[in-house]
Amino acid sequence: MEKEYENPLMTSYFHIAVYEKEELIGYIDCVSNGVTDAYIQDLMVRPDYQGKGVGTDLMNQMIKYLKEKRIYIISVVFEESLKPFYDRFGFYHMLCGQMETYNG
């Protein structure tokens with residue numbers, strides 16, 4: 001998966017990285033058309049920092065930024081076990097489909 005993130009064609013609309021000293025401990029990224037839709041595609045927190053509010057702070061900052069940019073719809077895809085986390089931010093549930101086109 002790392003090679004995809006190093007691809008120069010991969011661009012994000014907005015991302016936030018959190019460091020402690022020089023170590024990355026949290027990251028959030030979204031893609032957007034800049035007008036109607038934004039998709040939060042990555043929220044990652046280093047395991048030893050989970051449960052300390054880092055992910056919550058990242059989500060709050062991202063949502064605030066997207067609202068300030070007047071993005072109409074914010075979407076996120078998550079595993080069922082993470083539903084309580086995302087419910088706290090006001091995401092409602094819709095059916096969606098996803099397809100992998102290759103096994104990287």
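Close amide H partners of residue 26, meaning residues 5 or more places away or on another chain with modelled amide H under 5 Å apart, are 18, 46. Here is the P(r) of the chain: all C-alpha pair distances, binned every 10 Å from 0, give 12, 43, 37, 8, 0 in whole percents.
Is it possible to state the helix-based mean residue ellipticity at 222 nm for the chain, with each DSSP H run of 4+ residues giving -39500 (n - 2.57), the sum divided by total residues, to the nearest 500 deg cm²/dmol? What is it? Each step should come with its number before you reach the end.
Values: 3 runs with 24 residues, N = 104.
Rounded to the nearest 500, it is -6000 deg cm²/dmol.
Need the list of lysines near residue 52 for cross-linking: C-alpha distance under 27 angstrom, and skip anything on the same chain fewer than eight residues off. Straight-distance partners of residue 52: 21, 64, 67, 83.
Read the figures in this text as sums done on the coordinates, not as results from a lab. Keep in mind that what you see is a predicted model, and the values were worked out from it rather than measured.
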